[in-house]
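Peer 1: After the structure tokens below, expect a handful of questions from me.
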Amino acid sequence: MRVRLKILGEKFASRLKPALGAGLASVLLAACSTVQLIIPPAEQPLTAETVALLGKKDMAAGAPIFVRIFKEESELEVWKMRGDGRFYHFKTYPICNWSGDLGPKQAQGDKQAPEGFYSISQTQMNPNSKYYLAFNLGYPNAYDRAWGRTGEALMVHGKCKSAGCYAMTDALAEEIYALARDAFRGGQTSFEVHAFPFRMTQEKLDRFKKHKWYAFWRTLKEGYDFFEANRVPPIVAICEKRYVVNAVLSTPQQIDPAGRCPRFQRPQLQAFTPAPAEWQLASERITVLGPKARDASEVATSTALSQDTYASAPVGSNPDLPAGISALGFNP
């Protein structure tokens, strides 16, 4: 009897094992299906809304980008290249915080945010920043070094905290980082960042004719004006301790940033004119809402007080100048 029971038990166990195995596998698969894949911030895809806007503007996600920063207005612009080789405005983002005053950074610890023309390569992208996400502006560049300026790790990053950097909210830092990341993956080897004290209209510049940085800002304005007219970032050389805008060498050679400028060619581009059906797209400006710790009027006032003479005419007081005309880069 015991032998018969043992045989029956073995048969039952042999039938039960496959059933248990299948059941366990089902439980494990069900458990795995509930586990969500965690995507790090640096690999977060663009939102569906952003992808849709790219499509609306006929911009490829991997197309090259160009970035402009305006301190006084606390704004960062992203432009993207379209099929005609010109750059079109994508979005204007609020800069949550930046430190210091209008004027370039000069020394480590002065808490000034840089101004000038900077180039960002893929190695300057920081997916592991303690400020969420970041890219290094590349300060000091050759111009800054020619003037003996010091400092390091000047970034555009998240967390809305600044000690010489341009700080965004995390959500906006993520989108800007993703736009740059996708441009690199699309083949762009580096992108330009032009950091200005303010929107470089003549009217705004004239407020600070006696300011110690007026001559420097006039040079920056050359780069601003070139892009406004052509919708292509200018090639910028550095020699004689100054920026030279739209400077092309006829033959490749090393340029000493503090040495004598060589003979440059100054190519004349055909000024940007939108196709007849694209005037609205070319002039459209999408501005993202968000916090700004710095007040533009207070920044302008403090800068004015730092000079002997201040042209007090309010910005926009010229009735013959249509609102926003300086930002269009062409006559509407």
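Peer 1: Please give the number of the condition Ala247 fails out of (1) among the small types (Gly, Ala, Ser); (2) modelled with pLDDT under 90; (3) under 30 Å from Arg145 (Cβ atoms).
Peer 2: Unmet for Ala247, out of (1) among the small types (Gly, Ala, Ser); (2) modelled with pLDDT under 90; (3) under 30 Å from Arg145 (Cβ atoms): (2).
Peer 1: Take the conditions over 22 Å from Lys91 (Cα atoms), more than 21 Å from the chain's Cα centre (by Cα) and assigned to a helix (DSSP H, G or I) and apply them to Arg263. Does it pass?
Peer 2: no
Peer 1: Separate question: Just checking, how many residues over the range 119-136 are loosely packed, with under 15 Cβ neighbours inside 10 Å and farther than 12 Å from Ala180 by Cβ?
Peer 2: 3
The rows are residues; the columns are (1) of a type outside the set (Phe, Trp, Tyr); (2) surrounded by 15 or more Cβ atoms within 10 Å (Cβ to Cβ); (3) at pLDDT below 90.
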residue: Ile286; (1), (2), (3): yes, no, no
residue: Ala296; (1), (2), (3): yes, yes, no
residue: Ala323; (1), (2), (3): yes, no, yes
residue: Gly329; (1), (2), (3): yes, yes, yes
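Peer 1: Picking from Thr123, Thr92, which residue would you name as being out of contact with any strand residue (DSSP E or B) (no Cβ under 8 Å at 6 or more places or on another chain) and polar (S, T, N, Q)?
Peer 2: Thr123
Peer 1: What residue, among those in the range 232-254 that are part of a loop (DSSP other than H, G, I, E, B) and charged (D, E, K, R), is nearest to Glu77 (Cα to Cα)?
Peer 2: Lys241
Peer 1: Here's a follow-up. Could we say that Gly164 is crowded, with 18+ Cβ neighbours inside 10 Å and modelled with pLDDT under 95 here?
Peer 2: Against the criterion (crowded, with 18+ Cβ neighbours inside 10 Å and modelled with pLDDT under 95), Gly164 qualifies.
Peer 1: Looking at the range 168-179, is at least one residue in a helix (DSSP H, G or I), crowded, with 20+ Cβ neighbours inside 10 Å, within 14 Å of the chain's Cα centre (by Cα) and of a type in the set (Val, Ile, Thr)?
Peer 2: yes
Peer 1: In addition: Taking the range 128-159 as the region of interest, how many residues are part of a loop (DSSP other than H, G, I, E, B) and of a type in the set (Val, Ile, Thr)?
Peer 2: Within the range 128-159, residues that are part of a loop (DSSP other than H, G, I, E, B) and of a type in the set (Val, Ile, Thr) number 1.
Peer 1: Here is a list: Ala229, Ala277. Which entry is at pLDDT 95 or above, more than 22 Å from Gln106 (Cβ to Cβ), of a type in the set (A, V, I, L, M) and not in a loop (DSSP other than H, G, I, E, B)?
Peer 2: Ala229
Peer 1: I'm checking my understanding of the structure. Among residues of the range 298-321 that are hydroxyl-bearing (Ser, Thr, Tyr) and modelled with pLDDT of 80 or more, which one is farthest from the chain's Cα centre (by Cα)?
Peer 2: So, considering only residues that are hydroxyl-bearing (Ser, Thr, Tyr) and modelled with pLDDT of 80 or more, the one farthest from the chain's Cα centre (by Cα) is Ser306.
Peer 1: Just for the range 39-97: of the residues that are of a type in the set (Lys, Arg) and within 15 Å of the chain's Cα centre (by Cα), which one is farthest from Arg231 (Cα to Cα)?
Peer 2: Applying the filter and picking the extreme gives Lys71.
The values are calculated or read from the model by the stated rules, or taken from the named source; none is laboratory data. What you see is a predicted model; the values in this text were computed from it and never measured. Ideal geometry is used to build each Cβ from the backbone, glycine not excepted, and the neighbour counts take in all protein chains shown.
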